[in-house]
1. Would you list the membrane-span-like helices of the chain, meaning whole DSSP H runs whose alpha-carbon atoms span at least 24 Å along their axis and whose mean Kyte-Doolittle value is at least 0.5?
2. Provide the FRET efficiency to the nearest 0.05 for the residue 261-residue 160 pair, computing r from the beta carbons and using R0 = 35 Å.
3. Given points 7 Å out from each Cα along the Cα-Cβ axis, report the residue 36 to residue 3 separation in nanometres with one decimal.
4. Taking the Cβ of residue 214 as the centre, find all other residues whose Cβ is under 14 Å away and add up their charges (Lys, Arg: +1; Asp, Glu: -1).
5. Work out how much length residue 12 to residue 196 would gain on full extension: take 0.36 nm times their residue separation and subtract the Cα-Cα distance, in nm to one decimal.
6. Could you compute the net charge surrounding residue 115? Neighbours are other residues with a C-beta less than 11 Å from the C-beta of residue 115; K and R count +1, D and E count -1.
7. Expressed in nm to one decimal, what extension gain is obtained for the pair residue 89 and residue 60 from 0.36 nm per residue of sequence separation less their Cα-Cα distance?
8. Ignoring everything except DSSP H segments at least 4 long, calculate the 222 nm mean residue ellipticity for the chain; use -39,500 (n - 2.57) per segment, divide by total residues, nearest 500.
Amino acid sequence: MKKKLYFGSNLKMYKNVAQTIEYLGRLQELTADLDRDVFTTFIIPSYTSLDRASGLIDQNLILLGAQNMCWEEQGQFTGEISPLMLRELGLKIVELGHSERRHVFGETNEMMNLKVKAALSHDFIALLCIGETGEEKDFGVSDEVLRTQLIMGFRDVSPAYIPKIWVAYEPVWAIGVNGKPASSAYAQEKHHVIRETLKEIFGEEGASIPVLYGGSVNPGNANELIVQEDIDGLFVGRSAWDAENFNALIRDAIRTWRENEA
Ligand code: PGA
């Protein structure tokens, strides 16, 4: 039985500062009554919105995160953002290895490992995103790809960090406007592979790492996804970018989960 559920969104390269602040304020108000011991909500806006957002948003209600981070604290890394700069803003989460970082900007598993270790040593929650491409799925190597991303991403990471680790499974072929959502059965199967691999990496305790599903989550599939045994939460893109709609999706999913647990 799952004890906690996670609902979050990465705003990608959408919304300016004013729009982000308005969105976050509204979402905070709409979801204020949710029991945060059970339901964790988080939003990952653009870098330019983070300073204002962290000043205005109560992170006991909505955790804030950054979409990426450099593994070095400072240096000749033009265009990069340091863990110290993100700490200065009081952020809680760093998202690493989103499909667009890996596939549009060429980030590798080796880089993920450096970033995961840097995020954890600076006391962030490291949210590592993994997922196979459509081609890898067609060749039948999805499990191998997911296992590789996890084993390389978490190499030399001590189990002591388990409480600060989250994983998002986002099949590349399921993400974005051209994506096709994974069926709940397929997602569950892969989440199970992920759970077993996390146990292999970290020992039994690895099973407690939350694993979220992302990729075309919408009001039509959120409920069947959230009741899958190994899905601990939903990492939503487009369907979350309107506060009213995201709040409705979250509440519907919680209702369905409760009915299923009863
Ligand atoms: P989507 O994005 O829900 O718009 O497919 C998911 C993601 O990239 O995290």
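1. The answer is none, since no helix passes both cut-offs.
2. After rounding, the FRET efficiency stands at 0.70.
3. 1.9
4. Counting the neighbours of residue 214, the net charge comes to +1.
5. 63.3 nm
6. That sum, taken over residues with Cβ under 11 Å, equals -3.
7. That works out to 8.9 nm of additional length.
8. Helices in the chain give a 222 nm mean residue ellipticity of -12500 deg cm²/dmol.
Read the figures in this text as sums done on the coordinates, not as results from a lab. Because the structure is a prediction, the values reported are computed rather than measured. When we count neighbours, we look across all protein chains shown, and the Cβ atoms used for this are built from the backbone with ideal geometry, even at glycine.
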